[in-house]
Amino acid sequence: MLNLRHLCAKNFFMKNTVILFVALLSLIISCNENNKPKPVKQEETISISVPLFNSDSAYFFVKMQTDFGPRVPNTEAHNKCAQFLQTQLEKYCDKVFVQPFVTHTFDGTKINCKNIIGSFALENPKRILLASHWDSRPFADSDPNPANRDKPIDGANDGASGVGVLLEIARQLKEINPEIGVDIIFFDAEDWGTRSGNNESGDWWCLGSQHWAKNPHIANYKADFGILLDMVGAPNAKFYQEEISMHFASQIVAKVWSKAYQLGYKDYFINTGSNAITDDHLYVNRIAKIPMINIIHQDNTTGTGFVSTWHTLQDNISNIDKHTLFVVGTTVLSVVND
Ligand code: AHN
Ligand code: ZN
């Protein structure tokens with residue numbers, strides 16, 4: 001017969017011996033440490049402050065632009081949108097500059113354009129330049145339907161998304177009132193470049209930024225660095241470390257991507273290089289000599305290098321995602337606030 005009581009007593013004794021042994025051991029250790037309080041082991045935490053960025057507001061700013069219709073130079077919608085952008089910036093910024101210019105496109109069209117600039121803390125020589133293009137493409141030359149390829153596009157993503165994010169950043173900066181100087185530039189005539197399949201010079205794109213880089217709105221304008229936003233509104237957008245940005249401003253790429261990582265946005269800001277894109281940042285780097293990066297959605301699975309709606313009639317408000325606007329806006333505002 002098994003003696004249960006004996007077994008239990010033995011167990012009890014063993015258990016208590018172990019407890020006593022551990023207790024003695026900790027006493028010896030704590031004595032050896034001169035009675036210093038034992039450090040409490042904690043989970044490693046980092047804390048960063050996250051500024052407010054309202055994605056409903058940013059989305060509304062995108063929609064306000066697309067509601068004018070395609071913002072193609074020499075049209076009513078383009079004129080009305082210019083007025084809207086100027087009025088909005090005047091609400092938030094310390095000073096607004098409008099830079100009108102006339103130029104011509106690859107197909108010989110003479111176009112009337114405006115770069116629109118809103119500035120904060122003009123007296124501070126330490127400055128950050130934020131930019132997007134506000135015009136939309138006059139032809140949907142990548143549309144799957146050939147019948148659509150001469151029609152102008154809404155450019156909800158290609159144009160309006162970056163401007164929407166920057167208008168919301170301007171609205172927030174008015175509240176934050178940062179010490180650092182900030183200039184928000186809306187470049188015109190980025191998207192009247194040559195038609196797809198045409199191998200002419202890339203310099204037919206980005207006419208507004210080329211004009212501004214040669215004729216800055218303030219003589220000898222300088223900024224410490226710049227961030228361009230292009231196509232920052234599609235669902236699940238992916239931003240790679242684009243080659244021209246890496247060539248001219250790899251430290252700014254590192255700064256922005258590590259901020260995005262800290263904020264938890266590693267599924268959007270990917271730590272991988274990608275093809276060079278001829279975009280407004282090229283001329284700001286090359287001509288104005290301001291190191292500027294491009295946060296641009298690239299996709300090498302579609303054949304165009306960009307999201308499937310790129311330069312199609314599908315680039316409209318129904319394909320804009322508030323969360324992507326939020327991720328980009330929060331990241332950029334955090335970099336400005338640092
Ligand atoms: C080129 O395709 C050479 N550049 C594209 C720049 C662009 C167009 N960004 C938006 N639309
Ligand atoms: Zn475009």
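The values are calculated or read from the model by the stated rules, or taken from the named source; none is laboratory data. Predicted, not measured: the structure shown is a model, and the values here were computed from it. Every residue, glycine as well, gets a Cβ built from its backbone with ideal geometry; the counts of neighbours run over all protein chains shown.
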Q) Restricting attention to the stretch 118-140, and to residues there that are within 12 Å of ligand 1 (Cβ to nearest atom) and charged (D, E, K, R), which single residue is surrounded by the most Cβ atoms within 10 Å (Cβ to Cβ)? A) 135
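Considering each of 144, 138, 216 in turn, give the residue that is under 20 Å from residue 316 (Cα atoms) and more than 16 Å from ligand 2 (Cβ to nearest atom).
Working: 138 fails: more than 16 Å from ligand 2 (Cβ to nearest atom); 216 fails: under 20 Å from residue 316 (Cα atoms).
Among 144, 138, 216, only 144 is under 20 Å from residue 316 (Cα atoms) and more than 16 Å from ligand 2 (Cβ to nearest atom).
Would you confirm, using the coordinates I've provided, whether residue 96 is part of a helix (DSSP H, G or I) and either β-branched (Val, Ile, Thr) or under 30 Å from residue 180 (Cβ atoms) (or both)? Quick ask: steps written out before the conclusion?
Numbers: part of a helix (DSSP H, G or I): no; either β-branched (Val, Ile, Thr) or under 30 Å from residue 180 (Cβ atoms) (or both): yes.
The answer is no for residue 96.
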Q.
Any residue at all in the stretch 144-152 that's within 19 Å of residue 69 (Cα to Cα) and surrounded by 24 or more Cβ atoms within 10 Å (Cβ to Cβ)?
A. no
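Would you call residue 44 modelled with pLDDT under 95 and of a type outside the set (A, V, I, L, M)? Break it down stepwise before answering.
On the way: modelled with pLDDT under 95: yes; of a type outside the set (A, V, I, L, M): yes.
The answer is yes for residue 44.
Report, by residue number, each residue of the stretch 180-212 that is in a helix (DSSP H, G or I) and within 16 Å of ligand 1 (Cβ to nearest atom). Don't jump to the end; show me each part of the working.
First, the residues of the stretch 180-212 that are in a helix (DSSP H, G or I): 202-204, 207-212.
Scanning the stretch 180-212 gives 202, 203, 204, 207, 208, 209, 210.
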Q | Residues within the stretch 294-320 that are under 24 Å from residue 247 (Cα atoms), in contact with a Phe, Trp or Tyr (Cβ under 7 Å, 6 or more places away or on another chain) and more than 13 Å from ligand 2 (Cβ to nearest atom), tallied | A | 2
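Do the conditions hold for residue 259, that is, is it under 14 Å from the mean Cα position of the chain (by Cα) and among the charged types (D, E, K, R)?
Numbers: under 14 Å from the mean Cα position of the chain (by Cα): yes; among the charged types (D, E, K, R): yes.
Yes, satisfied.
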Q) Looking at (1) crowded, with 16+ Cβ neighbours inside 10 Å; (2) under 18 Å from the mean Cα position of the chain (by Cα); (3) in a helix (DSSP H, G or I), which is the only condition residue 85 fails? A) (2)
Q) Could you give every pair whose Cβ atoms fall below 7 Å, whose first residue belongs to the stretch 194-206 and is on the phi < 0 side of the Ramachandran plot and of a type in the set (Asp, Glu), and whose second residue is within 13 Å of ligand 2 (Cβ to nearest atom) and part of a loop (DSSP other than H, G, I, E, B), counting only separations of at least 6 or pairs across chains? A) 200/194
Q. Looking at the stretch 141-179, which of its residues are away from ligand 1 (no atom under 16 Å from the Cβ) and touching a strand residue (DSSP E or B) at 6+ places or on another chain (Cβ under 6 Å)?
A. 170, 173
